[in-house]
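K.L.:
One structure coming up, written as structure tokens, with questions to follow.
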Amino acid sequence: ERVLQMPGMESVRDDLAPMLRHFQSYKDSGPIADRNGILLYGPTGTGKTRMAHAIAAELNLPMLKVGVQDLTSKWINESPALIGRLFRQASTRPCVVFLDELDAVAVDRSEQNAHSEDRKLAMALLTAIDTARKTSHIVLVAATNYLDRIDSAIVRDGRFDWRLEIPLPDEPSRKAMLRQM
């Protein structure tokens, strides 16, 4: 389903359209955009994941959906390696990388109760985002229910240039979702 053809949520679509223009040439390996990173945030059940799928469809790019379970390991130092592998794999062709539940892997490093492995994971993510931004046709999209729990270095401009609140679906959106069931 294409973002700009989704029923309802007109204000979200209006905000998203100019962001996507930066990536229209990615499917043909055109120039790398000077901006990247779309962070979708809002309450649970607002359609952030659906919006990420729609972004990939709108750009006509494959999507690599990455969840917490894909980036975390019980083994020390394994999680940063997983992030590196993910971004190296994604950089082989134009695509959308969707990091779901970003707050679980990009924890605020300044928190006193943050574990050293959480800090390493956040640092590895920072490095991977910076490298991908300069060298790859990766459109980075992430989602969170808890914007305030994410390390501020990750959500700043230069990593996530756009932050887009996804509110609860409006009436036309709810009706369309019910029709699709």
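K.L.:
Collect residues whose amide H, placed 1.01 Å from N in the peptide plane, falls under 5 Å from the amide H of M63; neighbours closer than 5 in sequence don't count.
P.N.:
Placed amide hydrogens put V96 under 5 Å from M63.
K.L.:
Still on this structure, please answer the following. Give me the distance in nm between label points sitting 7 Å out from Cα along the Cα-to-Cβ direction at D28 and R174, one decimal.
P.N.:
Distance between label points: 4.3 nm.
K.L.:
What list of ³J(HN,Hα) values in whole Hz, one per residue of segment 51-57 in order, does the Karplus curve 6.51 cos²θ - 1.76 cosθ + 1.60 (θ = phi - 60°) give from phi, with Gly and Pro shown as x?
P.N.:
5, 4, 4, 5, 4, 4, 5
K.L.:
Counting only residues 5 or more places away or on other chains, whose amide H sits under 5 Å from the amide H of I166 once H atoms are built in the peptide plane?
P.N.:
Long-range HN contacts for I166: Y41, G42.
K.L.:
Here is a further query. In whole Hz, with x marking every Gly and Pro, tabulate ³J(HN,Hα) for segment 126-131 from phi via Karplus 6.51 cos²θ - 1.76 cosθ + 1.60, θ = phi - 60°.
P.N.:
Once θ is set to phi - 60°, the couplings for segment 126-131 become 4, 4, 5, 5, 4, 5 Hz.
Bear in mind that the values in this text are calculations on the coordinates, not laboratory data. Given the structure is predicted, the values throughout are model-derived calculations rather than measurements. Every residue, glycine among them, receives a Cβ derived from its backbone with ideal geometry; neighbour counts consider all protein chains shown.
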